[in-house]
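*Asks:* One structure follows; several queries about it will come next.
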Amino acid sequence: MKLQEYLKQLKDKVRGIPVVSVFLNKYVLIILIFIIWMFFLDTNSWFIHRELDQEIKELKNNKEYYKKEITKDQENIQKLKDSSELEKFAREEYFMKRENEEIYIIEYDNHTQQKPNP
C-alpha cells in the first residue's frame, strides 16, 4: 500500500505544476512519441526525405548539364562530317600531318615572360 500512496502523492504534486501536467496527458504523450518517431526513427523519416530531395536536385542539374553536352557533341559531329573540318580537327588536336610535311609546335610559357617596368 505504501507504493500506491506514494504514487498518489506524486500525481498530486505533478498536477500542481501546469506544464508538467500537460505533458503527462496521454494524448500529448502519444503525439510527441509519434512526432519523434516520424522525424528520427522511421525508415521514411524527415531527414531521409531531405537527403533524397537534395539528391534529386543534383541529378536534375546533372541531367541539364549532360543534355547541353550532348547537343554540343552533336554539333561537333555534324561539323566533322565535312572532310576539311575533320582534317583541321586532326591537325589541331592530334598533331597529324600530311606526307612530306613538317609541323612546328610553338608553345609560349607565360610564367617566364615578364612585363617591362615603365
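No value in this document is a laboratory result; all are computed from the given coordinates. Small disclaimer: the values here were computed from a predicted structure and weren't measured. Cβ atoms come from the backbone with ideal geometry, glycine included; neighbour counts cover every protein chain shown.
*Asks:* Could you calculate the contour length gain from residue 53 to residue 67, that is, 0.36 nm times the residue separation minus the distance between their Cα atoms, to one decimal place in nm?
*Replies:* Length gained, residue 53 through residue 67: 2.9 nm.
*Asks:* Suppose every Lys and Arg Cβ carries +1 and every Asp and Glu Cβ carries -1, with no other charges. What dipole size does region 44-96 come out with about its Cα centre, to the nearest 20 debye?
*Replies:* Result for region 44-96 is approximately 160 debye, rounded to the nearest 20.
*Asks:* Next question. Would you mind computing, in nm to one decimal, how far apart the modelled labels at residue 109 and residue 41 are, each placed 7 Å from Cα along Cα→Cβ?
*Replies:* Simple spin-label model gives 6.8 nm for this pair.
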